[in-house]
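Engineer: Take a look at the following structure, please.
A short reminder: the numbers here are calculations on the coordinates, not readings from a lab. In this text, all values refer to a predicted model and were calculated from it rather than measured experimentally. As a convention, Cβ positions derive from the backbone with ideal geometry for all residues, glycine included, and neighbour counts pool all protein chains shown.
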Amino acid sequence: MPWTLSTSQTPQKQTEGRWNPEKNPDDARKVSPGGGFGPVAEDGYGVSYQFANEETLFFHVSSKKNKGTNAQRFGNHIRQAFLDIKKAFDALPPKTGSTKK
């Protein structure tokens, strides 16, 4: 039985020493979501994800057009889950001595 959800992380910093967005503004503009990751099962999803930097997260969701899958809907659910997580963290009181605004 194939996996219904297949995931893979796409590394952004695989060229250590040649790409440094923290120190080079030109490199920061070159952040890319990279490629995708296809579904293994006919009724499944393929999801590649990438934590590009401290503020950027990319997801690429794919599915086949049959079997009732919907990559757009699945991606919207992932986005909403992250918004819910952010809302929960934003509701926490700041740590004592924290410099975060």
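Engineer: Note down the nm distance, to one decimal, between modelled labels 7 Å out along Cα→Cβ at E55 and at D43.
Structural biologist: The answer from the label model is 4.3 nm.
Engineer: Let me ask another. Given R₀ = 35 Å, what would the calculated FRET efficiency be for D90 paired with K67, taking r from the Cβ atoms and rounding to 0.05?
Structural biologist: About 0.40, to the nearest 0.05.
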